[in-house]
Amino acid sequence: MKHLIVVLGPTGVGKTALSLTLAKKFSTPVISADSRQIYKGIEIGTAAATESERTLTEHLFVGIKELGEYYSAGQFEQDVLEKLSNIFEHNDYALMVGGSMMYIDAVCNGMDNIPYVDGETRKNVADIFQKQGLEGIRNLLQLLDSEHYKRIDLKNKQRLMHAVEVCLMTGKPYSSFLSASKKARNFRIIKIGLNREREELYERINTRVEEMFALGLFEEAKQFYHLKDTNALNTVGYKEIYQYMDGVYSDIETVKKMIKQNSRHYAKRQLTWFRRDSEIVWFHPDNINGIISYIESCEK
RNA sequence: GGGCAGUUACCAGAGUGGCCAAAUGGGGCUGACUGUAACUCAGCUGUCUUUCGACUUCGGUGGUUCGAAUCCAUCACUGCCCA
């Protein structure tokens with residue numbers, strides 16, 4: 001039986017350090033499950049593995065897309081499954097490490113096949129929003145997919161709009177694409193959750209932000225100012241710097257404060273998501289022996 | 001020593017007699033999440049209670065009043081100005 005070891009946890013908890021140890025132990029590359037590290041050029045702000053770390057162990061799905069290029073959890077699922085079948089040809093273990101909740105779920109449970117929304121449809125829906133507001137989008141969804149209308153958060157503009165986009169583009173209700181069923185995988189998944197005391201985690205996040213600035217986060221972000229509206233850069237650590245450049249914040253100290261704060265919020269959201277997954281077995285990141293013996297015990 | 005201003009929940013900060021457990025923002029906590037998800041969105045945040053509601057709060061103390069965060073006296077502390 002093949003095993004996929006999934007190491008997950010909130011930002012700043014210490015996933016990278018552990019992943020290097022595990023990669024070595026099980027002689028397997030690291031598959032990064034990180035929706036932002038996948039982009040090239042934003043290594044500092046996304047705390048991607050450093051170059052020396054990457055020469056030590058192979059890291060997949062890090063820095064492989066250009067900023068502004070489209071990528072998604074669904075695509076990640078496809079790409080990783082393909083990669084996994086390669087790895088499993090000569091490995092019993094594969095290792096995936098990251099904090100992007102939906103990316104991890106996509107690989108572990110699969111996602112339904114929801115069509116990619118083309119630019120024209122996207123624009124049409126944006127126009128409707130422009131003219132009729134959220135109310136207009138809501139009414140449209142009620143008309144096109146009353147099923148989904150009942151379940152969706154009617155204040156969540158982004159999800160509302162996406163559902164409408166899919167309905168309009170395909171001519172079918174958005175909910176008709178949802179099966180909510182877990183896809184079978186031909187390998188076993190071992191989910192390891194990493195967590196620390198909240199206070200300790202927040203402290204680590206705070207000091208890491210300072211470190212990022214010392215490494216040149218500001219300069220890194222600055223060179224991509226022209227791409228600030230792309231999804232890849234709608235990211236903690238970058239958006240705050242762009243807001244500063246646009247005059248929203250008047251000094252760098254405030255920028256740092258906001259980045260720390262938003263990172264903490266993000267970590268919290270991650271924990272909320274992970275908490276409901278009963279398959280995750282939780283460890284303190286320093287408990288390497290415990291983690292390894294747990295993995296080995298899963299073999300049977 | 002004199003003058004003025006102030007002291008409100010974790011923080012900032014409204015409230016100047018009843019509609020006040022007290023606006024608003026931040027922080028914090030909890031949660032939702034199926035394709036741009038480090039996104040986007042929601043709830044809670046004095047105590048007890050599932051709710052209704054009850055109880056204790058607005059620097060301390062003592063008053064005025066049917067009723068006080070709000071008015072008066074006094075004490076303490078803080079800031080600014082004059083010495």
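From the list A:E253, A:E299, A:E199, which residue is within 11 Å of RNA strand B (Cβ to nearest atom), modelled with pLDDT under 95 and either of a type in the set (S, T, N, Q) or over 18 Å from the mean Cα position of the chain (by Cα) (or both)?
A:E199
Pairs needed: first member in region A:171-186, farther than 20 Å from A:A94 by Cα; second member anywhere, part of a loop (DSSP other than H, G, I, E, B) and open to solvent by 100 Å² or more (accessible area, probe 1.4 Å); C-beta distance under 8 Å; at least 6 residues apart or different chains.
These pairs meet every condition: A:F177/A:N113.
Pairs needed: first member in region A:247-273, in contact (Cβ under 8 Å) with a residue 40 or more places away in the chain; second member anywhere, near RNA strand B (Cβ under 7 Å from one of its atoms) and among the polar types (S, T, N, Q); C-beta distance under 8 Å; at least 6 residues apart or different chains.
A:S263/A:T11; A:Y266/A:T11; A:A267/A:T11; A:Q270/A:T11
Restricting to region A:280-300, what's the tally of residues that are in a loop (DSSP other than H, G, I, E, B), open to solvent by 50 Å² or more (accessible area, probe 1.4 Å) and under 15 Å from A:G193 (Cβ atoms)?
Within region A:280-300, residues that are in a loop (DSSP other than H, G, I, E, B), open to solvent by 50 Å² or more (accessible area, probe 1.4 Å) and under 15 Å from A:G193 (Cβ atoms) number 3.
Is there a residue being surrounded by 15 or more Cβ atoms within 10 Å (Cβ to Cβ), at pLDDT 95 or above and not in a helix (DSSP H, G or I) anywhere in region A:237-244?
yes
Looking at region A:12-29 only, could you name the residues that are in contact with a Lys or Arg (Cβ under 9 Å, 6 or more places away or on another chain) and hydrophobic (A, V, I, L, M, F, W, C)?
A:V13
Would you check if there is a residue in region A:72-87 being part of a loop (DSSP other than H, G, I, E, B) and either crowded, with 17+ Cβ neighbours inside 10 Å or in contact with a strand residue (DSSP E or B) (Cβ under 8 Å, 6 or more places away or on another chain) (or both)?
The answer is no; no qualifying residue exists.
The values are calculated or read from the model by the stated rules, or taken from the named source; none is laboratory data. Source: prediction; values computed, not measured. Note: ideal-geometry Cβ built from the backbone for every residue, glycine included; neighbour counts use all protein chains shown. Areas reflect the complete protein model, heavy atoms only, side chains present, ligands, DNA and RNA absent. Shrake-Rupley method; radii C 1.70, N 1.55, O 1.52, S 1.80 Å.
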